[in-house]
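So the structure is just underneath, and the comments pick up after that.
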Amino acid sequence: MSAHLTALARQSANRAAERAGQIQRTGLGIREWHNSFHAAVLSSLAAAETNAPEAERSWHAARLDAYAAAYGLRGWYRHTDFRGRHTVQVNMIRTHADGDRGRYYTTDASSGGGFRPGPYRASVVDRDSQRVVYRAISAPIARQWVTQHESGETDGVPASRPTGPAPA
């Protein structure tokens, strides 16, 4: 039975890899939930890596890494899901030209069925790592933090301007 499941996983991974190649060649196969051409290709490559048998996963991972590196793509990451399975999560795909626009999103714990987690009810999550990077007492404050960081400003100072005392 194990050989049969491995063969099915291999077949599923190879179909996803073929779909990624078709999207790259023809542009056909892009779904309405993809935010760009790169997101369509990357999500197919991620499906191939996720579905591949462990012995063949490194080949699919190398193809995904090469594609992301060639175009400077961010917004995806590898992790182990709650079942202990290797998976690749594709979020909002961005290039370096996009900067941090779309990198963060907010969550509001107050809408979670009456659970009150304390004074910090809103969180900002980094799409690239899925880690909470900021906690706030309200969703508007969390959204303000996202707006400032995605525009390249922190504390009202543009990121390109040096902060601190002028050199002597």
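The values are calculated or read from the model by the stated rules, or taken from the named source; none is laboratory data. Being a predicted model, the structure only gives us computed values, none of them experimental. Note that each Cβ is placed from the backbone with ideal geometry, even for glycine, and that neighbours are counted across all protein chains shown. Note: accessible area is taken over every heavy atom of the protein model, side chains too, but ligands, DNA and RNA are not part of it. Shrake-Rupley method; radii C 1.70, N 1.55, O 1.52, S 1.80 Å.
The reciprocal of the average 1/r between distinct C-alpha atoms defines the Kirkwood hydrodynamic radius, which for the range 1-125 equals 16.4 Å.
Between SER151 and ARG63, what FRET efficiency comes out of the Förster formula 1/(1 + (r/R0)^6) with R0 = 30 Å and r the beta carbon distance, rounded to 0.05?
On the way: r = 34 Å, r/R0 = 1.14.
So the FRET efficiency works out to roughly 0.30.
Of all the accessible heavy-atom surface of the range 1-133, with the other protein chains kept in place and a 1.4 Å probe, what percent is carbon and sulfur? Display every interim value, and only then the final one.
Values: 4020 of 7840 Å².
The nonpolar share, carbon plus sulfur, comes to 51 percent.
For the range 1-73, pairs of C-alpha atoms spaced more than 20 angstrom apart make up 29 percent of the total. Can you pull the one-decimal nm distance between simple spin-label points at ALA7 and GLN89, each 7 Å off the Cα toward Cβ? With each label point 7 Å from Cα toward Cβ, the separation is 3.5 nm.
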